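The values are calculated or read from the model by the stated rules, or taken from the named source; none is laboratory data. Quick caveat: nothing in here was measured; it's all calculated off a predicted structure. Using ideal geometry, Cβ is built from the backbone for each residue, glycine included, and neighbour counts are taken over all protein chains shown.
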Amino acid sequence: MPTLFDAPEAHFPRPPREVAGGVVHLPDWLSASEQAALVAQARDIARTVAGTPLAMTRPQLRSGQMSVHILSLGQHWATNPYRYVSAVDGVRVPPIPQSLHDLAQRALADAAGLSPALAAWSGKYRAEAALVNYYPPESAMGMHQDANELSEAPVISVSIGDTGIFRLGNTTNRNRPWVDVPLLSGDLIIFGGEHRRAFHGVPRIEPHTAPENCGLVEGRINITIRQVSL
Ligand SMILES: O=C(O)CCC(=O)C(=O)O
């Protein structure tokens, strides 16, 4: 049973809000059964590509191997040269399931009232690439920009399992100023508008904070959805 000091963010009100221009956080947006269904669906899709070049894996970057396991849907960001592709070595990238297309539209409709920059995409958004990120306990994602898409459409992101600290930085470099937003299981965050190309990352997750019935016993799943083309 957590005490007041174990999980401080859970004890403060978390109203829906625009964190910064074009960045909307809607806490507790997914029900527990929706979270569990997304986790089960991600597991099923991951099984279909296990053992192929598109298997969920910890990508090797120039800076080292990531601690986060990543599964691509819709399109895959390939290296040598860097580009979005729809197949690797003849294996097609799994399609984005209808549930994520629907989730993207619902997310934008729900966020529209808090941000004119996001409202502009409501009803127009095309979910073309998605990432399922699995963060084991102790993992992290360094500060980076999502700059591979031609489109300025916002990135839609849901979190399931352990709390992740989402660090939203500035559009110039990896340093301050930044704001840390704890993302609890079921939270939605959308970043677009003037912060679409902001540096962002997840410096840590908080182990043992995943709620029961979310579908994950430990670690964190984050699903991000993007429109790639103009
Ligand atoms: O895990 C998150 O909340 C952020 C994921 C992310 O930055 C990305 O997929 O580019």
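Within segment 71-85, work out how many residues are free of Cβ contacts under 8 Å to residues at least 12 places away in the same chain and of a type outside the set (K, R).
We begin by selecting, within segment 71-85, every residue free of Cβ contacts under 8 Å to residues at least 12 places away in the same chain; these are 78-81, 83, 85.
After this cut, where a residue has to be of a type outside the set (K, R) as well, the list is 78-81, 85.
Final tally of qualifying residues: 5.
So which of I205, I165 is surrounded by 21 or more Cβ atoms within 10 Å (Cβ to Cβ) and within 12 Å of the ligand (Cβ to nearest atom)?
I205
When you scan segment 90-175 for strands (runs of 3 or more DSSP E) that lie fully inside it, which ones turn up with 2 or more residues that are small (G, A, S)?
Those strands (runs of 3 or more DSSP E) span 129-135, 155-161.
Does segment 113-130 contain at least one residue that is within 26 Å of C214 (Cβ to Cβ), within 11 Å of the ligand (Cβ to nearest atom) and either touching a residue at least 60 places away in the same chain (Cβ under 8 Å) or surrounded by fewer than 21 Cβ atoms within 10 Å (Cβ to Cβ) (or both)?
yes
Working only within segment 20-63, note down all residues that are in a loop (DSSP other than H, G, I, E, B) and under 19 Å from the mean Cα position of the chain (by Cα).
Within segment 20-63, G21, G22, P27, D28, W29, L30, S31, L54, A55, M56, R58, P59 meet the criteria.
This table checks each residue for (1) under 19 Å from S99 (Cα atoms); (2) under 13 Å from the mean Cα position of the chain (by Cα).
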site: G142; (1), (2): no, no
site: S157; (1), (2): yes, yes
site: G164; (1), (2): no, yes
site: D180; (1), (2): no, no
site: A198; (1), (2): no, no
site: T209; (1), (2): no, no
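Can you confirm whether segment 64-71 contains a residue that is assigned to a loop (DSSP other than H, G, I, E, B) and among the small types (G, A, S)? Break it down stepwise before answering.
We begin by selecting, within segment 64-71, every residue assigned to a loop (DSSP other than H, G, I, E, B); these are 66-68.
Imposing the further condition that a residue be among the small types (G, A, S) reduces the set to 67.
Yes, segment 64-71 has at least one match.
Taking segment 176-195 as the region of interest, how many residues are closer than 23 Å to L216 by Cα, in a loop (DSSP other than H, G, I, E, B) and not aliphatic (A, V, I, L, M)?
Number of matching residues: 3.
Could you tell me whether E212 is touching a helix residue (DSSP H, G or I) at 6+ places or on another chain (Cβ under 9 Å), more than 12 Å from the ligand (Cβ to nearest atom), modelled with pLDDT of 95 or more and among the charged types (D, E, K, R)?
Numbers: touching a helix residue (DSSP H, G or I) at 6+ places or on another chain (Cβ under 9 Å): yes; more than 12 Å from the ligand (Cβ to nearest atom): yes; modelled with pLDDT of 95 or more: yes; among the charged types (D, E, K, R): yes.
The answer is yes for E212.
Only one of (1) surrounded by 18 or more Cβ atoms within 10 Å (Cβ to Cβ); (2) within 16 Å of the ligand (Cβ to nearest atom); (3) within 16 Å of the chain's Cα centre (by Cα) is not met by P97, so which one is it?
With respect to (1) surrounded by 18 or more Cβ atoms within 10 Å (Cβ to Cβ); (2) within 16 Å of the ligand (Cβ to nearest atom); (3) within 16 Å of the chain's Cα centre (by Cα), P97 is out only on (2).
For segment 137-162, which residues satisfy the criterion of being among the charged types (D, E, K, R), surrounded by fewer than 20 Cβ atoms within 10 Å (Cβ to Cβ) and under 26 Å from R106 (Cβ atoms)?
Answer for segment 137-162, where residues must be among the charged types (D, E, K, R), surrounded by fewer than 20 Cβ atoms within 10 Å (Cβ to Cβ) and under 26 Å from R106 (Cβ atoms): D146, E152.
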